[in-house]
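The values are calculated or read from the model by the stated rules, or taken from the named source; none is laboratory data. From a predicted model like this one, the values you see are computed outputs, not experimental measurements. Every residue, glycine as well, gets a Cβ built from its backbone with ideal geometry; the counts of neighbours run over all protein chains shown. Just so you know, the surface numbers come from the protein's heavy atoms only, side chains and all, with ligands and any DNA or RNA stripped out. Shrake-Rupley method; radii C 1.70, N 1.55, O 1.52, S 1.80 Å.
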Amino acid sequence: MAPVFAPGAHAASGPTKVTIHVPSKSLAIMPYYFGKDKGFFSPELIEPQLVVMSPPTAIVALVAGELDFATTLGAATSAILRGLPLKRVFYVQADPSHALLAQPDIKTVQELAGKVIAVTALTDAVGMSATVILKANGVDLSRVTLLATQVSDNAYKALTTGKVAATLMAPPYAEELEARGYRRLAEARTYAPLSFIGLVATTDTLKKNPQKAYALIAGLYRTLTYMHNPANRTEVIQYIAGFHKIDPPLAEKAFTTQMQSYSKDGTKPRKSVEREIEIYRETLKIAKTFTPDDLEDMSLLKKVQEGAATQSR
């Protein structure tokens, strides 16, 4: 797809480096790594610089101008509902892929009452999903301790060292833990259509420098289109196996789970976004009403889609 914005200013000096926050290296975030390694951002003359940090810290850094973009839609949504000038501009995931994993001796969600559960942050999509799952299974939230570990690696270690009773994990970590005997208690997608990974920008960036956002969206769109093509399935699974240093059968199982969550075109159904807003407002106790238009700005994605459609004719 040809860039809508003229790249000439950057061509002479090489690709523009763009700093992007990522919360982990799970399969939810993998399209950023895969797209970068495949060169799918190169036609847009940008080079993603992926920086791992906790979602709440990333949102603060994004608003302060210390990052160009963030990927955690959950923490961003909490921030938007509290008045910060951010917008979702692309969905890598239309649905969550996280699963609630527990110690081997815990067989039901109800048994988590009185226990400690690790989440990355209390007000991101992981924390929100944990809350929704517990409430739906009749667990009194006052009897559960949610421990914010900042990044997924810390939550993984907390579970495997016995410091917590359970945590939410995305593929392939969920599949790895299950293979090691940890109990898979619930799927986040069953309880709430919360978005975990996408692309978030400040409204100031979208106004003053839409070229950067367009370039990233175009690269992500190209990446997801490639990953959804059945002809590329074996290649993607091999990439996952190498990237995570896991056996191909486990990589295939994780990929199959994750593919149920990836957006096909960078969008998410409006009704799902409306349901998300309800969950966030209820959890954060926010009285003000919000619509999907308050969370999203999909105008650049529409331009990318139109360009792709024109090229395919």
- Item | Fraction of antiparallel bridges per DSSP, the chain only, in percent to nearest 5 | 50 percent
- Per residue accessible area of the chain, 1.4 Å probe, in Å²: 42 Å²
- Cα-based equivalent ellipsoid, the range 233-280: semi-axes from gyration tensor eigenvalues, Å: 30, 11, 8
- Message: Run the simple label-point estimate for ARG180 and GLU66 please: 7 Å along Cα→C-beta, distance reported in nm.
- Response: 3.1 nm
- Task: Once you have a ≥ b ≥ c as the square roots of the Cα gyration tensor eigenvalues for the range 139-241, tell me rounded if a/c is under 1.5, and otherwise prolate or oblate according to whether a/b is larger than b/c.
- Result: oblate
- Query: How high is the relative contact order of the chain, in percent, with contacts defined as C-alpha pairs under 8 Å that are six or more residues apart?
  - Reply: 27 percent
- Rounded to the nearest 10 degrees, the helix 233-244 long axis (Cα) sits at an angle to the longest Cα principal axis of the chain of 60 degrees
- How would LYS253, LYS285 line up by accessible area, probe 1.4 Å, largest first? LYS285, LYS253
- Rank these residues by their accessible area, most exposed first, probe 1.4 Å: ASP37, ASP140. ASP37, ASP140
- Let me know the Kirkwood hydrodynamic radius for the chain, please, with Cα pairs as the basis and the value in Å to one decimal. 19.8 Å
- Message: If each DSSP helix of 4+ residues adds -39,500 (n - 2.57) and the sum is divided by the residues in the chain, what number results at 222 nm, nearest 500 deg cm²/dmol?
- Response: -13500 deg cm²/dmol
- Entries in LYS38/LYS212; LYS36/LYS253; LYS25/LYS302; LYS38/LYS302 that, when Cα-Cα distance is taken, lie over 26 Å: LYS25/LYS302
- Item | Equivalent ellipsoid dimensions for the range 181-313 as semi-axes, Å, which come from the Cα gyration tensor, largest first | 28, 25, 13
- Within a Cβ distance under 14 Å of ILE29, other residues only, what is the Lys/Arg minus Asp/Glu net charge? -1
- Item | Reciprocal of mean inverse Cα separation for the range 51-182 (Kirkwood radius, Å) | 15.5 Å
- Message: If I compute solvent accessible area with a 1.4 Å probe over the protein chains, what percent of it on the chain is carbon and sulfur?
- Response: 52 percent
- Note on the structure: From most to least accessible, 1.4 Å probe, no ligand or DNA/RNA atoms counted, GLU66, GLU306 line up as GLU66, GLU306
- Item | Residue-level accessible surface for SER54, protein heavy atoms, 1.4 Å, Å² | 10 Å²
